[in-house]
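Working notes, structure below.
Computed from the coordinates by the stated procedures, all read-outs in this text should not be read as laboratory data. Because the structure is a prediction, the values reported are computed rather than measured. Here the Cβ is made from the backbone with ideal geometry for all residues, glycine too, and neighbour counts use every protein chain on show.
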């Protein structure tokens, strides 16, 4: 009986000890494997894991001038679990923040994690850093981490270069490289080439004492990793030309796009009004961005790539080239401004009649190009006008109109070339050349961007081919450009047909009746075409496209000045000043230069 009692008691005692042991084992497993908070807390009291942010790649212009570089800055990080009682008012005075802001930032950090570091106050300047750092030991749980901020030595090309800002949760979800508090390219070149520019992060583990002071590397840096700097980018942009163009466009609304015809590299991409890119750097970024958004002049809009306009008379050259290519006209074909066929579209210039193609170009004769377009749609090469229209539509796409170039130019619009299906739906299948006659002179449903207009000047200067417009010239350390940047694109129109069109553009400067004859450049032969574009919402837009030198173009460009009237009034002189500045390095027409810079376009010349 006694043995049975002892045996039972022994079993009960063993069960109790086994249960207690199991509880301890489960608890230890939970603490060490499942819940890292105690481990993190104990390690963070002696070790600090510091992300080593790489130096972001610099951005240079085609001449090697710095457009963007880095300046030292610091983030103040916090580990909420380590924050002890201290004088909050004194801390707020040190950081120049309000107490409510302090509470909000600390609450945000606690919500993220009580045991892991997160950014408390970002982008502190190197000047403020020294003052704050020497007093930071009074405030446990806080420490500094070195960062860099972008700096722009010239206040130009804001839309091209873009800006850098803090990642959001969506960015983190899309790319595990990023953690809370990281920065990445928000727009422009900074965004498109983010992976090349950002480099790779490193890690440094340091020991700290109870006063939050660093005491040296952990195990002599055995577990540290070095950051890898981002790659430098060289753009095709010419900083001097960009700055000059922005000066010419101040107090105006519009854009300038200049391209190197032999490569497709963009020499300048100007939109006006614009802003200083330094406004979107540092802690003032959010405040300044909001102010720019609310600005009635809409400086955040990049009109060079997202402004859509009817091309007006600049479009007549494409219709002429299309007609020449299928034999719908030849250079000797004459049309009159009189009679039944000219009635749908009236001529706006006094000139002799009838006239041939070169004279029609010089005089920008609307009836001539209506008849040219009509001949395209009723050409014997096609079974009917709708099949002919399909050919015309495809040719427009080959000229880069109505489509995006899909290079490194951010958020470009495609413009609009109306399709056959569009007119079939609009007119229930019953339409003809007369119905769509406005397309003959670049009006109606046609819309193009200044970028596409500049590329049109490239195509004519090159006599039928182009390279997709792009911003990048090279990535330092990489030998090859993306294939799409170096692929030669043919329009399908024979180069011989471009000779007469080029000649007509030369006559714009050199002819007795040339619309830009007063702005020809001494020592430089150039081709150009004015456009006065109807605007249903106000005054006409002033437009001009050009290329130079005539025989071997080094620059082709488009200028659009909104609500400024005739193309010869403002767009043409601005374009010629840009050409002169790029090819000669300076302007030899100081009076014209002064007038363009100092006079707004709504004042009388």
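Structure notes:
- The distance between label points at residue 214 and residue 595 comes to 6.2 nm (points 7 Å beyond Cα on the Cα→Cβ vector).
- Dividing the summed helix terms, -39500 (n - 2.57) for each DSSP H run of n ≥ 4, by the number of residues in the chain produces a 222 nm estimate of -10500 deg cm²/dmol to the nearest 500.
- Helix 450-462 axis versus longest C-alpha principal axis of the chain: approximately 60°, rounded to the nearest ten.
- Region 367-526: Rg to Rh, with Rh as the Kirkwood radius over Cα pairs: 1.02
- Relative to the longest principal axis of the Cα atoms of the chain, the long axis of helix 495-510 lies at roughly 80 degrees.
- Protection-proxy order for peptides 247-256, 486-495, 393-402, 525-534, each taking the mean of Cβ atoms within 10 Å per residue, highest first: 525-534, 247-256, 393-402, 486-495
- Using a cutoff of 8 angstrom between alpha carbon atoms and counting only pairs six or more residues apart, the relative contact order for region 47-235 works out to 34 percent.
- Residue 170-residue 427 pseudo-label distance in nm [points 7 Å out on the Cα-to-Cβ vector]: 4.2
- As a rough guide to protection, the peptides 110-120, 72-82 ranked by mean Cβ packing within 10 Å, highest first, stand as 72-82, 110-120.
- Most to least packed among 566-576, 139-149, 374-384 [average Cβ atoms within 10 Å]: 566-576, 139-149, 374-384
- Degrees separating the helix 366-377 axis from the principal Cα axis of the chain, which is the longest one: 80
- Mean shadow area of the chain, taken as a quarter of the surface of its Cα convex hull (nm²): 42.8
- Counting 0.36 nm for each residue step from residue 104 to residue 89 and taking away their Cα separation leaves a gain of 3.9 nm.
- Relative contact order (%) - criterion: Cα under 8 Å, at least six apart; region: the chain: 13
- Dividing the Cα radius of gyration of region 47-235 by 2.2 N^0.38 Å, with N the residue count, gives 1.11.
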